[in-house]
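Engineer: Quick one: this structure, given as structure tokens, is what I'll be asking you about.
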Amino acid sequence: MRTFTKFSLRFAAYLLVVAYLVGDLFIFEGPLKKRIAAKDPNSPEAIAAAKANGVVARVFNHHITRSQLDYAIHERLWLEGKTLSDLTPGDTKLVTYAALGELIDHELLRVKVKVNTKELPVSEEEINERLTRFVGRFETKGHLESAMKSMGIADEDALRHRIAARIQQEKYVTMRVDPLVNVSEEEIAAFYEANAEALARPERIQARHIFLSTLNSPSEEVEAKLKPALALLKAGEKDFKTLAVELSEDSASKSKGGDLGWMSKARLPADFAEPAFAMKQGDPQLIETKIGWHLLEITDRKPAEPRTLDETREEITAAITATKRHQAVVDFRSALRRFEDAKIDIFHDQLAP
């Protein structure tokens, strides 16, 4: 009888547990169901929690936060010399989705690189060189630390790890893309025919100058210092090299008698290039630019002249390769995103500025 009673009690307890579980899971929103739902990344509860924590997108359930996106937008605009205040609402949306696309690509590539890590070694020298460039973009240590915080980077070791991962991703893309980029002789010849004028050697001048800065002195005073030197030159009482050594503030050229070497117009500031290329050879003149006064003389001149296909072959090949490679990278990233589309979640309602 006792055995039967114990069995009955156990069976009743079992039925109660089953009834509770059925009720919790299928009839009402019990704590167990909520706990299970919270662990499902695609449940409404998990999505709501992610949004509440500032998540704007997920890639393989790796979270991309609003602060990371804001930094990526800022970086993208910084490289273009712009800020958000320069953009229209439509442009802001385009920039936001472009920056988010970069972050999504980064996460997709991060997963792909894990499988190919041994094939993509990164040296300390590569990391150090990239780290130096990255740090150099910030005016102060505080600005650097603020940027690191917004990207979720705790310290320099974490930053080095992030840089190494980015280099590996670049190498992975190169490994997949470069074999697809080829340049034929026909393409080189066609490019040369279409761009022969642009490929021509431009007009060049050889010049020398005596320079005085107007940074800390009125323009009139600086000009007055150079006028006697110009008079001495034209009278033949002093030669250019002597005056350059005596007066010029251009430390790079004064020891060479003011010689600036051969120059093309495209490589010079406009306020210097325009008057310089308009001057007659052997006739020194005073010209003013935004940095100061120049006593300038054109010593030789070479007209624009065409270059042969052989002379420009390497330049043309590099240009076509760069264009093709850029498009191949765009195509590769687009294909990768399409292939992994099911693993990407974008919370569009979180993307308003």
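Engineer: Any residue that is touching a residue at least 40 places away in the same chain (Cβ under 8 Å), surrounded by fewer than 19 Cβ atoms within 10 Å (Cβ to Cβ) and of a type in the set (Gly, Ala, Ser) - is there at least one of those in segment 73-82?
Structural biologist: Taking every residue of segment 73-82 in turn, none turns out to be touching a residue at least 40 places away in the same chain (Cβ under 8 Å), surrounded by fewer than 19 Cβ atoms within 10 Å (Cβ to Cβ) and of a type in the set (Gly, Ala, Ser).
Engineer: Checking residue 124 against (1) touching a helix residue (DSSP H, G or I) at 6+ places or on another chain (Cβ under 8 Å); (2) among the charged types (D, E, K, R); (3) at pLDDT 90 or above, which test does it fail?
Structural biologist: Unmet for residue 124, out of (1) touching a helix residue (DSSP H, G or I) at 6+ places or on another chain (Cβ under 8 Å); (2) among the charged types (D, E, K, R); (3) at pLDDT 90 or above: (1).
Engineer: Given the condition modelled with pLDDT of 85 or more and in contact with a Phe, Trp or Tyr (Cβ under 7 Å, 6 or more places away or on another chain), answer yes or no: does some residue in segment 175-184 qualify? Let's see the steps before the verdict.
Structural biologist: Narrowing segment 175-184 to residues modelled with pLDDT of 85 or more: 175-184.
Filter once more, keeping what is in contact with a Phe, Trp or Tyr (Cβ under 7 Å, 6 or more places away or on another chain): 176-177.
Yes, because at least one residue in segment 175-184 is modelled with pLDDT of 85 or more and in contact with a Phe, Trp or Tyr (Cβ under 7 Å, 6 or more places away or on another chain).
Engineer: Any chance segment 216-223 includes a residue that's under 37 Å from the mean Cα position of the chain (by Cα) and either at pLDDT below 95 or within 30 Å of residue 311 (Cα to Cα) (or both)?
Structural biologist: Applying the first criterion (under 37 Å from the mean Cα position of the chain (by Cα)) to segment 216-223 yields 216.
With either at pLDDT below 95 or within 30 Å of residue 311 (Cα to Cα) (or both) added as a condition, the list becomes 216.
Within segment 216-223 (the criterion being under 37 Å from the mean Cα position of the chain (by Cα) and either at pLDDT below 95 or within 30 Å of residue 311 (Cα to Cα) (or both)), the answer is yes, since at least one residue qualifies.
Engineer: Read through the list (1) assigned to a strand (DSSP E or B); (2) out of contact with any helix residue (DSSP H, G or I) (no Cβ under 6 Å at 6 or more places or on another chain), then give the number of the only condition that residue 234 fails.
Structural biologist: Condition not satisfied by residue 234: (1).
Engineer: Working carefully through the options 234, 238, 265, find the one that is under 20 Å from residue 304 (Cα atoms) and at pLDDT below 95.
Structural biologist: Criteria check complete, one pass: 265.
Engineer: Inside segment 243-353, counting only strands (runs of 3 or more DSSP E) that do not spill past its ends, which hold 2 or more residues that are loosely packed, with under 15 Cβ neighbours inside 10 Å and in contact with a Leu (Cβ under 8 Å, 6 or more places away or on another chain)?
Structural biologist: Values: elements: 259-264, 285-289, 292-302, 344-346.
The strands (runs of 3 or more DSSP E) meeting that bar number zero.
Engineer: Looking at residue 82 and the list (1) within 21 Å of residue 342 (Cα to Cα); (2) modelled with pLDDT under 85, which single condition is not satisfied?
Structural biologist: Of (1) within 21 Å of residue 342 (Cα to Cα); (2) modelled with pLDDT under 85, only one is false for residue 82: (1).
Engineer: Let me ask something else about it. State the number of residues belonging to segment 46-62 that are surrounded by fewer than 17 Cβ atoms within 10 Å (Cβ to Cβ) and either among the acidic types (Asp, Glu) or at negative phi (or both). I'd like the intermediate steps shown before the answer.
Structural biologist: Residues of segment 46-62 that are surrounded by fewer than 17 Cβ atoms within 10 Å (Cβ to Cβ), as a first pass: 46-49, 51-54, 60-62.
Adding the requirement that they be either among the acidic types (Asp, Glu) or at negative phi (or both) leaves 46-49, 51-53, 62.
Going through segment 46-62 one residue at a time, the tally reaches 8.
Engineer: Moving on to the next point. Just one of 102, 126, 145 is among the acidic types (Asp, Glu), in contact (Cβ under 8 Å) with a residue 12 or more places away in the chain, part of a helix (DSSP H, G or I) and over 18 Å from residue 76 (Cβ atoms); which is it? Show your work before the answer.
Structural biologist: Values: 102 fails: over 18 Å from residue 76 (Cβ atoms); 145 fails: in contact (Cβ under 8 Å) with a residue 12 or more places away in the chain.
Result of the check over 102, 126, 145: 126.
Engineer: Right, another one. Scan segment 225-243 and give yes if some residue there is under 42 Å from the mean Cα position of the chain (by Cα) and not aromatic (Phe, Trp, Tyr), otherwise no.
Structural biologist: No, segment 225-243 contains no residue that is under 42 Å from the mean Cα position of the chain (by Cα) and not aromatic (Phe, Trp, Tyr).
The values are calculated or read from the model by the stated rules, or taken from the named source; none is laboratory data. Computed from a prediction, not measured in an experiment: that's the story for all the values here. All Cβ positions, even for glycine, are placed from backbone atoms using ideal geometry, and neighbour counts span all protein chains on display.
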